[in-house]
Every structure is written in C-alpha cells, then in structure tokens.
1. Would you grab the residues whose amide H sits under 5 Å from the one on A:Ala138? Only those 5+ places off in sequence or on another chain, please, with H modelled 1.01 Å from N.
2. Could you list, in their original order, any pairs among A:Lys148/A:Lys203; A:Lys148/A:Lys180; A:Lys99/A:Lys148; A:Lys141/A:Lys180 whose Cα atoms are separated by more than 26 Å?
3. Would you work out which of B:Ala12, B:Pro56, B:Gln37 lies farthest towards the positive end of the dipole of the range B:1-61? Charges go on Cβ: Lys and Arg +1, Asp and Glu -1.
4. For the range A:95-193, what relative contact order do you get, as a whole percent, if you take Cα pairs closer than 8 Å and at least 6 residues apart?
5. Each residue of the range A:7-18 in order: what ³J(HN,Hα) in whole Hz does its phi give by Karplus 6.51 cos²θ - 1.76 cosθ + 1.60, θ = phi - 60°, with x for Gly and Pro?
6. Please list, in chain and number order, the residues 5+ apart from A:Gly195 or on another chain whose amide H is under 5 Å from its amide H, with Hs placed from the backbone.
7. Would you list which aspartates and glutamates come within 19 Å of A:Lys214, measuring only between C-alpha atoms, while excluding same-chain residues fewer than 8 positions from it?
8. At a 10 angstrom cut-off on C-beta neighbours, averaged per residue, how do the peptides A:258-268, B:16-26 rank from highest to lowest?
Amino acid sequence: MSDLRERLQELADVAARHGRTPGPEVARRRAHLRRLRLLGGTAMLVVLAVVAGTVATDRPSDRPTPLTPTPTAGPTLTTVPTNSTVPLPRWIPSVTPLKVRAHPGPYPGPDPGGIVRDVTSLVRGCRDRSQVRLWARAQGKVWLIAAKPPPPGRQHLCWATALMNQGGGGALGTQSSELKPLRATFAGGGNRQLGVVSGMVTKRAVRLRVLFHKGPPLDLVPVDPGDQFPVNFWAGLFLETGPPRAEGQLPVPAVDRVLAFDQAGNQIAACRMRLGLDNSC
Amino acid sequence: MADRGSFDEFYAGAVSRLVGQLFPVTGDLHEAEEVVQEAFTRAAARWSRLRDYDVPEAWVRRVAMNLVTDRARTLRRHTKAMLKLRPPPEALPASVEALALAQALRTLPVRQRQVLVLHYLVDLPVEEVAHTLGMPNGTVKSLLSRGRHALAAKLGETEEVLDPS
C-alpha cells in the first residue's frame, strides 16, 4: 500500500504528462495586453459589458470615433422605466438592429493590429487549432469569434471574442465555456455606439430572434463552424442610441431575451440577458 | 530579448510540474491548467523583478494556489448552479489508489487540499506552507491533521498507512 506522498506524486506525474498548456508566448502576450490596458487608462469603448464573459482587454490606441447612427426605425421612446427604490433610473438604450450577415471563418483580413492573432491565442484548453469561426462586419468594425472544438466527451467549448476596428485597435474577451443549448454574450458600446450580441446555439436551431428592451427584434441565422463542434455560432449587430447617459447612471444591456427556433418554427431554447445572477444567457 | 528568453526557459521548466502540483488541489486538470496559466501571465508581467528571485517558481505556485482559493470562494458565493453544469473531471490513467485519492481529495475543503499538497507533494515544511498560504503555523498543522484524518476515513485506511513517518 503506497503512502500519501507516493500517491500524490503519481497523480502529479500523470497530470503533468497529460496537461496541455499553451506555450510561454501566450502568457507573455496576455501580460503585454494587460500592461497596455493599464497604461491606456480609460477603456476604448464607453462600456464593454460582456455579460457572460470573464475577461475583457482593451487597447488604448486607435480609439474609435463615435458612430453616426442610421435613422432609427424603432421606437422613439427615450424615457426609462423608473424604480421607486432606485434614485437614478438605469440607462436603457434604444436599438436599431443592423442587417449584417455573419460569415464562417477564417477571417479574410486585413488585420493591421494583430487582433485575429490575439483572439485566437486567447483561446485556451480544448484541442486542435484555435481559428476564427465567425466574423461579421458593420460600421467599420468587425466582430470575431475564435474557438477550438471540445475534447471528446467533454461538455465545454473554448472560445474568445473580439471587436476590431479599421485601424487595428480592438477589444478582446474570453468566454464562459460550458456548453448550453443557447448561450449569449453582450457587448454594448453606449450611446451612439455599435453593440453586439453573440454566442453559441444548439445545431437544432435554424433561426434566432433577439428581443431588445427598446427597439424592433433582430432575426439571425446561426453559422455552422463544422462537425467537430457540437454547436453553431451566431452574432447580431446593432446601434445603440440615446438618450445620453447621465453621470453615475448604470447601463442595462440593450438585449432583453434571445430565443432559438428549430426548422419547424418551434421555440427550443431561450435565455434572459441580465447583469448579475439573474442572467440566464 | 534576454528577458523573453529567460522567461520562456523558466516557463518550459516549470509549467508541467506546477500543473501536476495544482491538479490534486483543483481536482480538475483543465482548471489546474487555467490557474497555472494565469499565474504565469502575472509572472510574465513582473518578470524583470521575478527573475532575480531565488525560486520564482515558488512565487508562481503561491499565486496559483491563491487563485484556486479565490475561484473556489467565487464559485461558492455566486454560482452554485454552475458547479452542477460543469463537465465531470477528466479521468487520468493512474493507479486505482491514486484515483481514489484524487476522488477523496475533491471532497475536502480547498485549504486542506492545499496544505496536504504543499506538505506531502511539494515537500515544504510546515513553516513554508504557512508562508505560502499566508496563515499561521498552527493553522497549517491543524489543517494537515484534519486533512489526513478525513482522507484516511474516506479511503478506509489508517493515518499511519498514509503517513508512515
């Protein structure tokens, strides 16, 4: 009967042999990005709220100029529902959905700031090569999803997202990895900025509908990254508009709910986008 | 460039060992890899200072151990439901005894796992375990004693078998 020391050593040896960590360049690059973020001070975007994400990294250079929104076809309501217990009502932007097609990877470029390289190297764990699996362009910006397929028998996916602008600057985010029938992340740019809702969905889904608090719904078609993935990816882009956010006013994600439908038109999954524990996306 | 080279060398020499040491603490290989990778990222950001340390690996290990504690605390507080959704730990090709130990370790509080691993696997004396985890020597001794006792009970063995010394 081996003692505790020997058994622990055996476990450690086996784990060390089977562990798959990326090379030192990934640690160095992440450290570099964090340094840039610290030096940069304020974020590139007014808000980068990746609701279900874990890390967001921004670059100080090439700060995008505010976008000019297209004439809104959505509701013009600009007042905010108030809650008597909250002194300042939360800021809920109106939304103009953009008709943008999401494409499967690889991203054809250009990539002047190395954002494609960075977002693929951020994807950790899993197996095979990290590649861009979805990209969508609007308003001079590109939204990217990079991912690696899960190892056999494991119920998680390794993926990361990035928003890149024309000059090469951008923002990166790693994402929560547990597989779900529907998972959505949200990145809002604030008043007069581009917003993105994206995620993964079961391959049974052929259509998604994004419902906003203020604005018409956005219908989307998932992008199939291939058979090695148990899910498809999807992304929807929109413009957020006024009223201007007051100082100290907390934002609410523009997205309320996301619904997924199968071929027959049946709703097969849904989630509710919230900040904090109430979020089911 | 010299910085980059020495960091890469340090990384290559230590990363597998640290993943091995963190695995019995996390109980999940993927999570062990993640905390070690994050600890190395922080080391890379401070490498100009860390490279002069006698044992930079000890710094990385300490950061990784703290990350395990933080993650365990966060999970407990915020996302109990997430635990149910997490994938089952990856099965590794180890002996039945070692796998039983891994299983038993997962049921212990994270602090007990940490002191057991640092003392019995990394071979640190009680004082250094205390320094690494930022706790008094007495607490380490107490956690070691309780951890051994709990493991022996879960494995159906005596504490003397686990720790003949």
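Read-outs: derived from the displayed coordinates by stated rules, not from any lab. Model, not experiment: these values are computed from the prediction. With ideal geometry, Cβ positions are generated from the backbone for all residues, glycine too; neighbour counts draw on all protein chains shown.
1. It is A:Trp143, by chain and number.
2. The answer is A:Lys99/A:Lys148; A:Lys141/A:Lys180.
3. Highest projection toward the positive end goes to B:Pro56.
4. Values: 177 pairs, mean separation 23.5, N = 99.
RCO, the range A:95-193: 24 percent.
5. 5, 4, 4, 5, 4, 5, 5, 5, 5, 5, 6, 9
6. Close amide H contacts, sequence-distant or interchain: A:Gly189, A:Phe238, A:Leu239, A:Glu240.
7. Within reach: A:Glu240, A:Asp256.
8. Numbers: A:258-268: 15.2, B:16-26: 25.4.
With the highest mean Cβ count within 10 Å placed first, the list reads B:16-26, A:258-268.
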